[in-house]
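One structure is given below, encoded as structure tokens.
The values are calculated or read from the model by the stated rules, or taken from the named source; none is laboratory data. What you are looking at is a predicted structure, and each value in this text was computed from that prediction instead of being measured. Cβ atoms come from the backbone with ideal geometry, glycine included; neighbour counts cover every protein chain shown. In case anyone asks, the SASA skips ligands and DNA or RNA and just uses the protein heavy atoms, side chains included. Shrake-Rupley method; radii C 1.70, N 1.55, O 1.52, S 1.80 Å.
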Amino acid sequence: MTRRRGRSAAGRAVLTVVTAFGVLAGAALAGAAPAGAAPAGRRIAPGVTYRQFDVDTAAGTAHAHLLTVDLANPHVGVDLLYPGAVAARSTVSRLADSAGAVAGINGDFFNITETQHPGVEATGAPVGPAVAAGQALKAAVPKGQRFGPALPPGTNTQEVLGVGTDRRARLDRLALVGSVTTPDGRLPLKGLNQYALPQGSVGAFTAKWGGVSRQRAVCGTDSERAAPCSDDTYEVTVRGGRVVAASGTPGSGTIAAGTTVLLGREEGARQLRKLSVGDPVTVEHSLTAATSGVPYAFAIGGFPVLRAGKPLSGLDDGTSAVRTVVGFKGGGQQLLILVLDGAARYRTGMTVAEEAEAMRTLGASDALNLDGGGSSELVAREGDAGAVSVRNHPSGGAERPVPNGIGVFSAA
């Protein structure tokens, strides 16, 4: 649910802290303390605290849930939550519990539907780059193929928040750098486990993609998501450094470990048709950071709303919605993970501009907007509980399966 209103209200977000540790309980927020309660938080693990507070916005009162994560604490860490495959979805609570996380939130925008391409399976795969446990899972789709609200001026689908091997959080861009070496020469690789490939390109799919059809990857164009699917496609399967199979149409099914499927569209398909079974092929790929020289242990896609303590120009100040945002302060040593409540009384949420101002007020220097609406969710353990509980109220009334999220882990 969203609510449109005038620009004159941009940036007005006043925070009022409350101390309740509410649990998902139907249509009303369970146990919410009155506004004006003393600022406080509850420790859910060493270096990890949780609290709630109200945010007065131009559309009404939003209710926020905040995790503060001390990355300087050697017993605390964060990593990507995902269901073992890029093109798959699960609820945040299941993702957190299966990974052993003490808390977690939803992540990137994703290929949630394919009404524009009847008969094509929605992949459930996320928009932006993703890094889990130091390994690159996927690259970003073309800007015109993304799902989610309009990007702020000057940003693109390569935007991420990541935590480096130095345990500091950063905003950055991760670009795919890759090649396919064939007997006829070297081809640029323009896709890695992503639901949409650039026009005229070749993309790679690995065992991390999952079993979902690769048909969606050749639908739409770089500027128009709804454009028809290409009928000029070709794919080859590479195993042990050689072509072992070829097909004129995108396939589906689980990809075996050590196997790469190369899918081409238009000019990319023409280049792949030159290959024959038995030909030697080498595929190389990596995600290259635009600014950081420190390797990323974890990264997730979204779009920036706050940089160096200042909201980005052109942030939407007219659409209120339930939102999820992650930021940092203290030179990247402290994460601030904020999720709005979707209970009926708070469902108007806040605008992106108000979200940026709220994070700035909390002390964040930088922040990245994640998927919102029915996807917004925060889970956390209570005391010695062996499983997490949903702490906000998802606006759809139940947990929505999502492709990824941020997990908070404690070794203490």
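So the values come out like this:
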{"read-out": "Test for ARG239: is it in contact with a Gly (Cβ under 6 Å, 6 or more places away or on another chain), farther than 15 Å from ALA140 by Cα and among the basic types (Lys, Arg)", "value": "no"}
{"read-out": "Exclusive hit being at pLDDT 95 or above, part of a loop (DSSP other than H, G, I, E, B) and crowded, with 20+ Cβ neighbours inside 10 Å, set GLY128, GLY119, GLY104", "value": "GLY128"}
{"read-out": "Pairs with Cβ under 9 Å, 6+ apart, first in segment 290-314 and under 11 Å from GLY162 (Cβ atoms), second open to solvent by 40 Å² or more (accessible area, probe 1.4 Å) and hydroxyl-bearing (Ser, Thr, Tyr)", "value": "VAL294/THR165; PRO295/THR165; TYR296/THR165; ALA297/THR165"}
{"read-out": "Candidates ALA380, ALA367, filtered to the one that is in contact with a Phe, Trp or Tyr (Cβ under 7 Å, 6 or more places away or on another chain), buried (at least 24 other Cβ atoms within 10 Å of the Cβ), small (Gly, Ala, Ser) and at negative phi", "value": "ALA380"}
{"read-out": "Matching residues in segment 253-270 - criterion: being touching a residue at least 60 places away in the same chain (Cβ under 8 Å) and open to solvent by 40 Å² or more (accessible area, probe 1.4 Å)", "value": "GLU266, GLU267"}
{"read-out": "Selected residue (criterion: most open to solvent (accessible area, probe 1.4 Å)) from residues of segment 162-198 that are part of a strand (DSSP E or B) and among the polar types (S, T, N, Q)", "value": "THR181"}
{"read-out": "The one condition in (1) open to solvent by less than 20 Å² (accessible area, probe 1.4 Å); (2) in a strand (DSSP E or B); (3) of a type outside the set (Phe, Trp, Tyr) that ASN392 fails to fulfil", "value": "(2)"}
{"read-out": "Matching strands (runs of 3 or more DSSP E) fully within segment 284-375 where at least 1 residues are modelled with pLDDT of 95 or more and aromatic (Phe, Trp, Tyr)", "value": "296-301, 303-307, 324-329"}
{"read-out": "Residue within segment 231-242 that is open to solvent by 40 Å² or more (accessible area, probe 1.4 Å), over 30 Å from LEU370 (Cβ atoms) and hydrophobic (A, V, I, L, M, F, W, C) present", "value": "no"}
{"read-out": "Every residue from segment 83-101 that is among the β-branched types (Val, Ile, Thr) and either open to solvent by 20 Å² or more (accessible area, probe 1.4 Å) or not in a loop (DSSP other than H, G, I, E, B) (or both)", "value": "VAL92"}
